[in-house]
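Q: Below is a structure I'd like to ask you about.
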């Protein structure tokens, strides 16, 4: 397995692949109003959907976070005092920078939603004006909607998971022997959240799937050791991909029914299986460990944050009819912008996160020493 320090190379590659799919997904949403409905149905209700499965790729992000954020917490010597400030800096610094850049684009390039196709992603999900209050409220990651940079809806759940990590780890450790049935229960909770319109219940359980993988991670490597198991892995990959987009494949039959919500929840299980395959299947490890995948993985967070405002701005700048040119320019431009953003912002956020973590740990140790000193004084006073 390719590693860089404590990083798992194949998971970096999977993260990069997921970020690339989200990018293509949003480009496809710009194109959708201009495509033949029959052609769009073929694209979205066939295995081709895997190429533009943006919402499902976010599920993969959530499972990955549940795994890679929880793994260090399972190691001896892990410091929660270091974790919390470091994690918050790691999330908020890039988010604030990306949101500021997106707001600037809205200010610089005039936007009139009426010039975009009705009920399209461009008309419904993009801000046409900004104010300081808008920017500040969206920077908190506590809102339900994020029209300035609409990918931030998922960072809201990343934030909640990060703050609740001790609970996730506690639960996962206590049910680790029953990881499979608990995983099934997690998918049931996702279904309940989807059916009831409760977004927290629909998305927060996905992170638990990753945390369950984390507590069983040492066992997973042995699953693919035998030749029989290795022969089954390609079939498992096909099952995982099918589960990921099952709600789309069955849409002609299940649209508007409760079965659609059931199949939507299966995407979480499909995402979890893909993450497992990334660490136990040598063929997947090799593919995800290639230089392009590793490069995408390195800039994946930056790419996720910057691409939507770039695509939207180009579409408004060039005009709705030139959607194809906006996509043709926007996809490579997003990759370049992500590399620059990674170098200028994300790397600095990592440095700041390490410093914040060190300060948090030092303050916690100082407080602990004071508590011990105070307890000794009380004990001495009682003894006298």
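Computed from the coordinates by the stated procedures, all read-outs in this text should not be read as laboratory data. From a predicted model like this one, the values you see are computed outputs, not experimental measurements. Note: ideal-geometry Cβ built from the backbone for every residue, glycine included; neighbour counts use all protein chains shown.
Q: Hey, how many Å between the Cα centroid of segment 171-188 and the Cα centroid of segment 1-64?
A: Here the answer is 27 Å between Cα centres.
Q: How much length is gained if the chain between residue 242 and residue 259 is pulled fully straight, taking 0.36 nm per residue apart and subtracting their Cα-Cα distance, in nm to one decimal?
A: Extra length available between residue 242 and residue 259 comes to 4.6 nm.
Q: To continue, here is another question. If one takes the longest principal axis of the Cα atoms in the chain, at what angle in degrees, from 0 to 90 and to the nearest 10, does the Cα axis of helix 199-215 lie?
A: Computed tilt is about 60 degrees.
Q: For residue 350 and residue 336 in the same chain, what is the full-extension length gain: residue separation times 0.36 nm, less their Cα-Cα distance, in nm?
A: 3.0 nm
Q: Starting from the Cα gyration tensor of segment 3-383, take the square roots of the eigenvalues, sort them a ≥ b ≥ c, and report rounded, prolate or oblate (rounded when a/c is under 1.5, otherwise prolate if a/b is larger than b/c, else oblate).
A: oblate
Q: Assuming R0 = 41 Å, what is the FRET efficiency of residue 290 and residue 42, from their Cβ-Cβ distance, to the nearest 0.05?
A: With R0 = 41 Å, the Cβ-Cβ based efficiency is 0.90.
Q: Further, regarding this structure: What is the mean projected area of the alpha carbon convex hull for segment 124-232, to one decimal in square nanometres?
A: 9.7
Q: Using 0.36 nm times the number of residues separating residue 107 and residue 170, minus their current alpha carbon distance, what extension gain do you get?
A: 18.1 nm
Q: Going highest first, how would you order 278-286, 65-73, 301-309 by mean Cβ packing within 10 Å?
A: 301-309, 65-73, 278-286
Q: Here is a follow-up. Working from Cα positions, state the angle (0 to 90°, nearest 10) between the long axis of helix 9-31 and the longest principal axis of the chain.
A: Taking Cα atoms only, the helix is inclined about 30 degrees.
Q: Given the rule -39500 (n - 2.57) for each run of at least 4 DSSP H residues, summed and divided by the residues of the chain, what is its mean residue ellipticity at 222 nm, to the nearest 500 deg cm²/dmol?
A: Computed ellipticity for the chain at 222 nm equals -25500 deg cm²/dmol.
Q: Let me ask something else. Need one number: nm distance between label points at residue 34 and residue 369, each 7 Å from Cα along Cα→Cβ, rounded to one decimal.
A: 6.5
Q: Something else: Given Cα pairs under 8 Å that are at least 6 residues apart, what percent is the relative contact order of segment 1-123? It would help to have the intermediate numbers written out before the result.
A: Details: 57 pairs, mean separation 32.2, N = 123.
With pairs under 8 Å counted, the relative contact order is 26 percent.
Q: Cα axis of helix 152-163 to longest principal axis of the chain: angle in degrees, 0 to 90, nearest 10?
A: The two axes meet at around 10 degrees.
Q: How many nm is it between the label spots at residue 231 and residue 137, if each spot is 7 Å from the Cα in line with the beta carbon?
A: A separation of 6.0 nm, rounded to one decimal place.
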